[in-house]
1. Computed over the Cα atoms, what is the radius of gyration of segment 32-71 divided by 2.2 N^0.38 Å, N being its residue count?
2. Rank Ala22, Pro78, Leu68 by how far each Cα sits towards the positive end of the charge dipole of the chain (+1 on Lys, Arg Cβ; -1 on Asp, Glu Cβ) and give me just the farthest.
3. For the chain, compute Rh as the Kirkwood radius over C-alpha pairs and then the Stokes-Einstein diffusion coefficient at 20 °C and 1.002 mPa s; write the answer in µm²/s, rounded to an integer.
4. With labels modelled as points extended 7 Å from the Cα through the Cβ direction, what inter-label distance (nm, one decimal) is found for Ala43 paired with Leu68?
5. Quick check for the chain: number of Lys pairs with alpha-carbon distance under 25 Å, counting only pairs 8 or more apart or on different chains?
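Only the coordinates and a few stated rules stand behind these numbers; no lab work does. Here the structure is a predicted model, which is why all the values come from computation and not from measurement. Virtual Cβ from ideal backbone geometry, glycine too; neighbours counted across all protein chains shown.
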Amino acid sequence: MSIMRDMAKQRTKKLTDQIRQAIDDSGQTRYRIAQDTDIDESALGKFYRGTRGLSLENLDLLCEYLNLRIVMDRKPKPKGK
C-alpha cells in the first residue's frame, strides 16, 4: 500500500465514528437525544457502543438533530467523459 493511502486512512474516521463523536460533543445525554428524536433509547445505545447500526431513517433524524452534514473532500467527476 502506498504511503499516501496509509496517511489518508489515518486521517479519515468512519462516518459512524464521527456521528458518535458528535453525540459526545453535543452536550446532551443519549437519553435526551433519544427522547428528542423518537429513536429507541436501546437502539441508540447499541449504535453508540458499536454493536448495532441504525436505520437510515434514524440516522437522518440523528444527523438533523445534531446539525450534521456530509462534506465531500473530492470534486465529482464530470458526467459523460
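1. Ratio of Rg to 2.2 N^0.38 Å for segment 32-71: 1.09.
2. Pro78
3. My calculation gives 147 µm²/s for D.
4. Rounded to a tenth, the inter-label distance reads 1.6 nm.
5. 8
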